[in-house]
Amino acid sequence: MSRNSKSLHQTDSTRQTYLQASDARKRLPHSDSSCLPGWIPPVLFLILAVVFLWKSTFTSNVFLPAGMLSHFAPWRSITGGADSTSIWNPLRWDGIIYFYPARYFLGQQLRHGIVPLWNPYQLCGAPFLANIQSAVFYPPNILFALIPAMKAFGALALCHLTLCGWFCYLLMRRLGCKEIPAILSGIVYTYSSWQVSWLQLPTFLAASCWFPLLFHELHRISAQNIRPRTLSPIVGIALSIAMILLAGHLQIAFYGMLAAFLWSVRLLLSSYRETGVKNALRLMISIATASIIGLMLSMPQLIPAMELSRSSHRQTQPSEEGYRSYMEYGLPLGNLVTMALPNFYGSDSTSDNPYWGFYEKSLPDGNTISIRHNYAETALFVGVVPLILVITVFLSTLLQWKAISSTKFNIVFFGLLAMLSLMMAMNTPLDRIFYFGIPGFGQSGSPARCLVLWAFTCAVLSGFGLDRLLKNPLSKREFLISAAVVLIVIAAGLSLASTSLSHPAPGMQIPVLGQAISRLSIGWAVFAVSALCGLVLIIPTLTKSALAAASKTSFYALAFLILAVGELFITGLDYNPVSKPEQVFPETAGIKSLKSVLAHERMFPVNQRWSLYNFPPAVFPPNAAMVYGLRDVQGYDSLLSAQFKNFATKFARPNRQGAVDASPPEIGNMVFFQDPKSPHIGETGAAFAITSSADIDPAAVPAGASIFDADGDIAITPLSGRGSRTSLWPLDGIEADAYLPPVWVDDGIDKIDMRSDTSNPAVLRLAD
């Protein structure tokens, strides 16, 4: 062959390759021409967030459950007694006793230009930055340094709700959906029961709101891989991963990373099928590069957290017994009924039907006991109308699988991911892979927290479902099958709930099925209206009359949107309580007295019990001291030193189960110091015991006279046998000579400066 003919052959081959790539690019899903200006969707989601949080945006109230504090000493003394509107919820309690003190402390330090590595106010001093939930490097948390912390919680909730909806909208537009279906997806994900029930614990939404953006950027880089034009998708992937990991909740981040990995595999397979091995490898390298950059950006937070986790109280070896205990807290089968009736097991937003859902725990003697679950851990509800759309689009896609398209691949992918997340949330062998295969996974929270992916995938599928109705009518066969499956799902949920209620439930008062149904009141009406309207709205697509034409209009799509917003807002609008600013850690006379006498030493609150069911009998509960700048021996943290936990157990008294443990049986992350008469008291650096006459066990009353004692407030009693937080000890073999005690120069956050003069060598002892 001549040189010219070879050149011509190469030119033809290059042109054919380019045409194949162009055809493949055309087959990729793309959004229809936009009718809405780009600024309208984020503004719309901001308006919805403002309306949803109206109690804290249009009034002086703050988005915190601070009313719960009034049930504890010392705040009972100035709030006129316990707030009767506050309902005990151990997880919601974290919003005011864990996240508020930590964010308040973070904001204070950032305001002074300090990146806090250490927290001197709890657990006799503990790592702060290394605790992943402190989220020191999460960029939006700078807001705590700019405005008062109590206001920042509402502002960040507003911000993350807006971003959550907008990012989901962008993803659906990228996947080829029309605008109103894309808006529907954003609404369903943002206001699903999962997101709403965790809203006052900021790390959950802060991590999960970035999932859609990560999926969006992964899809964008796969679409540009045929002919790369910009590096912005790599930057987008890296920043999304970094934000998810820095947000402060590694378990939620893990589920997001797992879903993103599966999504990347789906995109790589499509790239290989449509454009060949070379482009698929290029795409894989691009995704890997972006992921590594994202991990590197998050390393200042991850590396200290991993170091602390290796020596934390959570560090245990996986075992069959541990696996059984871990899975017991998963999603009970009977809770599937909450797909349609979210408050079937009650709710923590009303005292008329308080949450009573339960799970069964096996005891060492072979018996089982029923223990109260938590509404947030079992939040399945995404709306009845969206659920109908989810089932409809998934089944209709399977029934028409012969006409393969990228959109159908996406629908099947998200449908399978939804089922995977549901199976992982329940007691299935899938979790065994993660429990035994990933170090530390068994020490994470409930497996039911995988429902964050259920909410995400259902949101995406509901958007696909509405988009399908607007573009292509359903056949009568598809409609009948979908309607039947919807009814079967609801009936199966009721049947499973009925079965679970028929079993004896020692340890709890469980209502019978009739009582549970009667407590729903308006819940039945909302379900009936939503289900009926959802099915009725689908019917016009089955006809060839003017109704069918009407089903293609925006007004038709808006009807689905209004129904979804209505039922989600009715369900979640009142779930999260707000408080008056003066309820947020007010300063009592007892606290003022404590500040005046404590100086550099610690306090020793005497707490011995906790509860999952009622407000526990506790005084000055763990972490509250951070708000007042007081040093405390006790604490509450997701990662705490195992060595310190063992030290605290020296002060433990037998609990109700007969075990000697510094942590109450209900919550292993909380450390109490229970015995102020312990001979080890000098090792704590504590000077005063803090008690309350209403809560103290007579056997644990500290000896001596109190320097402050007020009914409903606290009693402050000097500890017998106490030591100083700092002291000088002569070296062995050298007689103790006269020396001046250490003088504090700076008792700071990350630095301690003190001075002492001695005539002989000595060891400086610091009880931190």
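Restricted to the range 389-438, and to residues there that are open to solvent by 60 Å² or more (accessible area, probe 1.4 Å) and charged (D, E, K, R), the residue that is farthest from Val452 (Cα to Cα) is Lys402. Checked against the criterion of being at pLDDT 90 or above, under 30 Å from Gln195 (Cα atoms) and part of a helix (DSSP H, G or I), the range 595-613 has no qualifying residue. If you go through the range 693-710 one residue at a time, do you hit one that is within 30 Å of Ile303 (Cβ to Cβ), hydrophobic (A, V, I, L, M, F, W, C) and touching a residue at least 24 places away in the same chain (Cβ under 8 Å)? No.
Residues of the range 342-359 that are modelled with pLDDT of 80 or more and open to solvent by 10 Å² or more (accessible area, probe 1.4 Å): Pro342, Asn343, Pro354, Tyr355, Trp356, Phe358, Tyr359.
Checking the stated criteria, Asn646 turns out to be open to solvent by 30 Å² or more (accessible area, probe 1.4 Å) and without any contact (Cβ under 8 Å) to a residue 24 or more places away in the chain.
Here is the figure for the range 305-329: residues that are within 28 Å of Thr428 (Cα to Cα), touching a helix residue (DSSP H, G or I) at 6+ places or on another chain (Cβ under 8 Å) and assigned to a helix (DSSP H, G or I) total 4.
Kindly indicate whether Asn119 is touching a residue at least 24 places away in the same chain (Cβ under 8 Å) and in contact with a strand residue (DSSP E or B) (Cβ under 6 Å, 6 or more places away or on another chain). So Asn119 passes the test.
Residues in the range 161-176 that are over 17 Å from Ile40 (Cα atoms) and buried (at least 22 other Cβ atoms within 10 Å of the Cβ): Leu175 only.
Remark: Ser232 falls outside the filter, which requires a residue to be surrounded by fewer than 24 Cβ atoms within 10 Å (Cβ to Cβ), under 28 Å from Pro439 (Cβ atoms) and among the hydroxyl-bearing types (Ser, Thr, Tyr). Filter the range 506-540 for residues that are in contact with an Asp or Glu (Cβ under 9 Å, 6 or more places away or on another chain) and either open to solvent by 80 Å² or more (accessible area, probe 1.4 Å) or aliphatic (A, V, I, L, M) (or both); which is farthest from Ser351 (Cα to Cα)? Here the residue is Val529.
Table: residues versus (1) closer than 17 Å to Ala126 by Cα; (2) open to solvent by 20 Å² or more (accessible area, probe 1.4 Å); (3) modelled with pLDDT of 90 or more; (4) in contact with a Leu (Cβ under 6 Å, 6 or more places away or on another chain).
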residue: Gly658; (1), (2), (3), (4): no, yes, no, no
residue: Ala662; (1), (2), (3), (4): yes, no, no, no
residue: Pro665; (1), (2), (3), (4): no, yes, no, no
residue: Gly668; (1), (2), (3), (4): yes, yes, no, no
residue: Phe672; (1), (2), (3), (4): yes, no, yes, no
residue: Asp697; (1), (2), (3), (4): no, yes, no, no
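Can you name the residue in the range 345-372 that is part of a loop (DSSP other than H, G, I, E, B) and in contact with a helix residue (DSSP H, G or I) (Cβ under 8 Å, 6 or more places away or on another chain) and is also nearest to Tyr613 (Cα to Cα) among such residues? In this case the residue turns out to be Tyr355. Against the numbered list (1) more than 27 Å from Ala642 (Cα to Cα); (2) surrounded by fewer than 19 Cβ atoms within 10 Å (Cβ to Cβ), Met299 comes up short only at (1). Among the residues examined, Phe254 qualifies as touching a Phe, Trp or Tyr at 6+ places or on another chain (Cβ under 9 Å) and open to solvent by 50 Å² or more (accessible area, probe 1.4 Å). If you go through the range 151-160 and pick out every residue that is crowded, with 23+ Cβ neighbours inside 10 Å and of a type outside the set (Phe, Trp, Tyr), you end up with 2. All of Val460, Val452 fail the test of being in contact with a helix residue (DSSP H, G or I) (Cβ under 8 Å, 6 or more places away or on another chain), more than 26 Å from Ser638 (Cβ to Cβ), modelled with pLDDT of 90 or more and not aromatic (Phe, Trp, Tyr), apart from Val460. Going by the conditions given, is Glu582 open to solvent by less than 20 Å² (accessible area, probe 1.4 Å), at pLDDT 75 or above, under 30 Å from Met68 (Cβ atoms) and not polar (S, T, N, Q)? Against the criterion (open to solvent by less than 20 Å² (accessible area, probe 1.4 Å), at pLDDT 75 or above, under 30 Å from Met68 (Cβ atoms) and not polar (S, T, N, Q)), Glu582 does not qualify.
Taken over the range 265-288, the criterion of being open to solvent by 60 Å² or more (accessible area, probe 1.4 Å) and touching a helix residue (DSSP H, G or I) at 6+ places or on another chain (Cβ under 7 Å) is satisfied by Tyr272, Met284.
Looking at the range 386-408, is at least one residue assigned to a helix (DSSP H, G or I), among the hydrophobic types (A, V, I, L, M, F, W, C) and without any contact (Cβ under 8 Å) to a residue 40 or more places away in the chain? There is at least one residue in the range 386-408 that is assigned to a helix (DSSP H, G or I), among the hydrophobic types (A, V, I, L, M, F, W, C) and without any contact (Cβ under 8 Å) to a residue 40 or more places away in the chain.
Within the range 144-155, the set of residues being under 12 Å from Thr57 (Cα atoms) and either small (Gly, Ala, Ser) or under 16 Å from the mean Cα position of the chain (by Cα) (or both) comprises Ala152, Phe153, Gly154, Ala155.
Results for (1) hydrophobic (A, V, I, L, M, F, W, C); (2) open to solvent by 10 Å² or more (accessible area, probe 1.4 Å); (3) more than 17 Å from Phe204 (Cβ to Cβ); (4) not in a helix (DSSP H, G or I), shown as yes or no for each residue.
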position: Met68; (1), (2), (3), (4): yes, no, yes, no
position: Arg76; (1), (2), (3), (4): no, yes, yes, no
position: Trp93; (1), (2), (3), (4): yes, no, no, no
position: Arg103; (1), (2), (3), (4): no, no, no, no
position: Ile114; (1), (2), (3), (4): yes, yes, yes, yes
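The condition (being modelled with pLDDT of 85 or more and in contact with a strand residue (DSSP E or B) (Cβ under 7 Å, 6 or more places away or on another chain)) is satisfied by just one residue among Leu267, Leu308, Leu295: Leu308. Checking Leu598, Leu612 one by one, the residue that is under 26 Å from Gln251 (Cα atoms) and either open to solvent by 10 Å² or more (accessible area, probe 1.4 Å) or in contact (Cβ under 8 Å) with a residue 60 or more places away in the chain (or both) is Leu612 and no other. Being modelled with pLDDT of 75 or more, of a type in the set (A, V, I, L, M) and either open to solvent by less than 30 Å² (accessible area, probe 1.4 Å) or farther than 22 Å from Tyr355 by Cα (or both) is the filter here, so list the residues in the range 541-579 that pass it. Listed by number, the residues that qualify are Ala557, Leu558, Ala559, Leu561, Ile562, Leu563, Ala564, Val565, Leu568.
The values are calculated or read from the model by the stated rules, or taken from the named source; none is laboratory data. What you see is a predicted model; the values in this text were computed from it and never measured. Glycine gets a Cβ as well: all are built from the backbone with ideal geometry, and neighbour counts include every protein chain shown. Heads up: the accessible areas ignore ligands, DNA and RNA and are worked out on the full protein's heavy atoms, side chains in. Shrake-Rupley method; radii C 1.70, N 1.55, O 1.52, S 1.80 Å.
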